[in-house]
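The block underneath contains the structure these notes are about, expressed in structure tokens.
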């Protein structure tokens, strides 16, 4: 019985420490997404923000096909529109660059795989959280 107690006192803290370490430290960086064609639209009223997002997305290997003002009422929330039904990739980009929701809005002859519409909550996005873009987007 004493041996069991001693083992529990030794093993339990090591197991907990190991679990916490693996939970807080990624074993490897995220696998980069394949290059996506992305249209970036500014709907938050901050001048130059769409261009900054485009620069960061290009630095990560994505093809930004268009950068423009959304030309509509300001969006409260940033959103990604999946134009070609690339659900897994659009959701993964939203998870890594966001957080932001993904809406399926396929159109005929889209200019990009995805449209990123920057809303008033843009400061919460990982894409803008560091001076350098997030690796692996």
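The numbers here are math on the coordinates, done by the rules we state, and not lab data. Note that this is a predicted model, so its numbers are computed, not measured. So basically every Cβ, Gly included, is an ideal-geometry build from the backbone, and we count neighbours across all protein chains shown.
Listed highest first by mean packing, meaning other Cβ atoms within 10 Å per residue, what order do 112-124, 68-80, 41-53 come in? Intermediate values should be presented prior to the final figure.
Working: 112-124: 20.3, 68-80: 14.8, 41-53: 17.9.
Order by mean packing, descending: 112-124, 41-53, 68-80.
Using a Förster distance of 22 Å, how high is the FRET efficiency between residue 106 and residue 77, based on the Cβ-Cβ distance and rounded to 0.05? List each step's numbers first, then the result.
On the way: r = 21 Å, r/R0 = 0.94.
For R0 = 22 Å, the calculated efficiency reads 0.60.
Could you work out the Rg to Rh ratio of segment 37-128, with Rh taken as the Kirkwood radius (inverse of the mean 1/r over all Cα pairs)?
Numbers: Rg = 11.7 Å, Rh = 12.8 Å.
When Rh is taken as the Kirkwood radius, the ratio is 0.92.
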